[in-house]
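Report on the structure given below.
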Amino acid sequence: MSWPWVLTVLQVGLLALLVYYLVRALPRVTGYTWQGPGEAHQKEMERLQALRRIRLSEPLAEKVRPATLDDLVGQEEGLEALRAALCGPNPQHVLLYGPPGVGKTAAARLILEEARKDPLSPFGPDARLVEFDATIARWDERGIADPLLGSVHDPIYQGAGPLGVAGIPQPKPGAVTRAHGGILFLDEIGELHPVQLNKLLKVLEDRRVFLESAYYNPHDPHIPPHIRDIFENGLPADFRLVGATTRMPEEIPPALRSRCVEIFFRPLKPKELKIIGERAAERLGYRLTPEAAEVLVAYSQSGRDTVNLVQMAAEVARRRGLSVLEKEHIEWVASVGPYVPAPRPSFTRDPRVGSALALALQGPTSGLVLEVEAAVYLAQDKGDIRVSGLLEEEEVGRFRRTSMARASVDNVLSMLRRFLAVDPHQYHVYLNFLGNLPLDGPSAGVAMGLALYSAFTGEKLKPLVAATGEVTLQGDVRPVGGVRAKVEAAVDAGLEKVFIPQGNWQPSFAQLPIEVIPVGTFAEVLEGALWEGKSAAAHASR
């Protein structure tokens, strides 16, 4: 046999061998069959099972976790709004605002079970709650991995498997698809990457996820039907979003806010923190004394703080052979931990000169009572104004301007000329807002007017009386925001009377254990706030 014939035979043999291996590889495109456990696999499985058998004691935070929405302490209005948004025939997307440790995550975990109780609810018995933390969401512009929305495992990746060997891209569902038919709880949604957030908004509109891959060829006959269907019709993602955030509403993109119902969870009140502490101590088999409960509330900023303090204090008591948590146990734990006493308002019951109480907002749902002090001194030449405790400037878009609160000081001084026998601008004026919380907004106008009027005239103001409202140059009192939260803060602080703008009046205020007085002019406030109780006409004629 000549050499050309030998080469031809070798070529034909190599070609036949190549065809043989290709034919054997084709069936593996439809799946992979595991050949059984080897010795290495068996050892790894045994090691995994041994790890699963190791269990520590259940944390106290798990023991006191609410079993139903009714078990959540506080947040009655927020929970009612959450039920209205999700527990009906037409559930909506929700944004939950609130500080840490007030029950946002617990409410999200329980809301789906509550929704199933409604016979008209579209959530089925198999509906899932999928939790996802936006702070650890991976995203890159190449789209290699996206556990939230889903991604595609292209054939070029190592470990692509039989489908990858055949050049077929493999879609990988994300959390939005796992939540299909249920609820996606996206914690700290305000931290989500802007591009990923925009993609999520598209999913909310389409109720499905479309994935892309440069390796997808619709004309390839070897692509399995389910993969072809995913690329052509998208992955299903019909769910309801519950996004929780500790940010303020103005920090959340408007496009997301417009698609969601916004619900606010407020900070827990002292009496609610006390209930949480008593429940936690009871779960551990201890009794919390009244004195210990007071100290516990003083050092708690949230429900998590309360539970952590109780758990540490219980261990201190156990080592001493005690079954009662005393005041000194809580104090010792607070002294060695990062705990500081929460500020609690306290006010004198004596009539005052140059000092008034203002109602302010601390967050979107929490009110605050602050004291504003005023002092005035006749100037030799020209007076000036010095203010502490107010924001001097605020940012609006790309511009910075004098804050509304700082500008309202000038308005109040000009308005007071109608009530004073002197020109306020001929005095050195000092205003100080106590509490170490920089304030903004015009709602402190009425309180500033009271403090300044008292400082100029020497007339005393009634104690335990607060006010909120914007004051115009003509002496009118205009509506402001957050009045309900402010009035509730006045109730919690033990005040007796509050003045609010007439435009903010609500019938429910009449049921509160405090006198809520709607006013339309600053003269009406003076008539009710001065200790002597002079008439408004007398003030205006000064």
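The values are calculated or read from the model by the stated rules, or taken from the named source; none is laboratory data. Quantities reported herein were computed from a predicted structural model and do not represent experimental measurements. Note that each Cβ is placed from the backbone with ideal geometry, even for glycine, and that neighbours are counted across all protein chains shown.
Given the structure, is Val429 more than 29 Å from the chain's Cα centre (by Cα), surrounded by 20 or more Cβ atoms within 10 Å (Cβ to Cβ) and in a strand (DSSP E or B)?
For Val429, the condition - more than 29 Å from the chain's Cα centre (by Cα), surrounded by 20 or more Cβ atoms within 10 Å (Cβ to Cβ) and in a strand (DSSP E or B) - is met.
Within the range 127-141, is there a residue that is modelled with pLDDT of 85 or more and either part of a loop (DSSP other than H, G, I, E, B) or in contact with a His (Cβ under 8 Å, 6 or more places away or on another chain) (or both)?
Taking every residue of the range 127-141 in turn, at least one turns out to be modelled with pLDDT of 85 or more and either part of a loop (DSSP other than H, G, I, E, B) or in contact with a His (Cβ under 8 Å, 6 or more places away or on another chain) (or both).
Can you pull out the residues in the range 508-521 that are of a type outside the set (A, V, I, L, M) and within 36 Å of the chain's Cα centre (by Cα)?
Ser508, Phe509, Gln511, Pro513, Glu515, Pro518, Gly520
I need the full set of residues from the range 458-487 which are outside any loop (DSSP other than H, G, I, E, B) and surrounded by 18 or more Cβ atoms within 10 Å (Cβ to Cβ), in order please.
Within the range 458-487, Leu461, Val465, Ala466, Ala467, Glu470, Val471, Val477, Val483, Ala485, Lys486, Val487 meet the criteria.
In the range 218-226, is there at least one residue being surrounded by fewer than 15 Cβ atoms within 10 Å (Cβ to Cβ), over 18 Å from Leu129 (Cα atoms), among the aliphatic types (A, V, I, L, M) and modelled with pLDDT under 95?
no
Run Ala160 past the list (1) among the hydrophobic types (A, V, I, L, M, F, W, C); (2) farther than 30 Å from Thr246 by Cβ; (3) modelled with pLDDT under 90; (4) touching a helix residue (DSSP H, G or I) at 6+ places or on another chain (Cβ under 9 Å) and report the number of the one that doesn't hold.
Condition (4) is where Ala160 drops out.
Can you tell me which residue is modelled with the lowest pLDDT among those in the range 522-538 that are outside any helix (DSSP H, G or I) and charged (D, E, K, R)?
Restricting to residues being outside any helix (DSSP H, G or I) and charged (D, E, K, R), the top hit is Lys534.
Quick one: would you say Ile111 is β-branched (Val, Ile, Thr) and either at pLDDT below 80 or assigned to a loop (DSSP other than H, G, I, E, B) (or both)?
For Ile111, the condition - β-branched (Val, Ile, Thr) and either at pLDDT below 80 or assigned to a loop (DSSP other than H, G, I, E, B) (or both) - is not met.
From the list Asp440, Asp384, which one is at pLDDT below 85, among the acidic types (Asp, Glu) and farther than 30 Å from Phe265 by Cβ?
Going through Asp440, Asp384 in turn, just one is at pLDDT below 85, among the acidic types (Asp, Glu) and farther than 30 Å from Phe265 by Cβ: Asp384.
Since Val73 meets every condition but one in (1) surrounded by fewer than 18 Cβ atoms within 10 Å (Cβ to Cβ); (2) part of a loop (DSSP other than H, G, I, E, B), which condition does it not meet?
Result: Val73 fails condition (1) only.
Given the criteria over 25 Å from the mean Cα position of the chain (by Cα), on the phi > 0 side of the Ramachandran plot and crowded, with 16+ Cβ neighbours inside 10 Å, does Gly234 qualify?
Considered against the rule, which asks whether it is over 25 Å from the mean Cα position of the chain (by Cα), on the phi > 0 side of the Ramachandran plot and crowded, with 16+ Cβ neighbours inside 10 Å, Gly234 comes out as yes.
Filter the range 233-259 for residues that are touching a residue at least 60 places away in the same chain (Cβ under 8 Å) and over 19 Å from Arg109 (Cβ atoms) and give the result.
Answer for the range 233-259, where residues must be touching a residue at least 60 places away in the same chain (Cβ under 8 Å) and over 19 Å from Arg109 (Cβ atoms): Leu235, Ala237, Arg247, Met248, Pro249, Glu251, Ile252, Leu256, Arg257, Arg259.
Given the options Glu114, Glu131, name the one that is in the same structural domain as Pro249 (by TED's automatic domain parsing), surrounded by fewer than 22 Cβ atoms within 10 Å (Cβ to Cβ) and more than 14 Å from Ala244 (Cα to Cα).
That would be Glu114, the only listed residue that is in the same structural domain as Pro249 (by TED's automatic domain parsing), surrounded by fewer than 22 Cβ atoms within 10 Å (Cβ to Cβ) and more than 14 Å from Ala244 (Cα to Cα).
Answer yes or no as to whether Leu197 is part of a strand (DSSP E or B), surrounded by 15 or more Cβ atoms within 10 Å (Cβ to Cβ) and either in contact with a helix residue (DSSP H, G or I) (Cβ under 7 Å, 6 or more places away or on another chain) or not assigned by TED's automatic domain parsing to the domain that holds Leu86 (or both).
no
Just to be sure before I move on: is Lys460 at pLDDT below 90 and charged (D, E, K, R) in the structure I sent?
no
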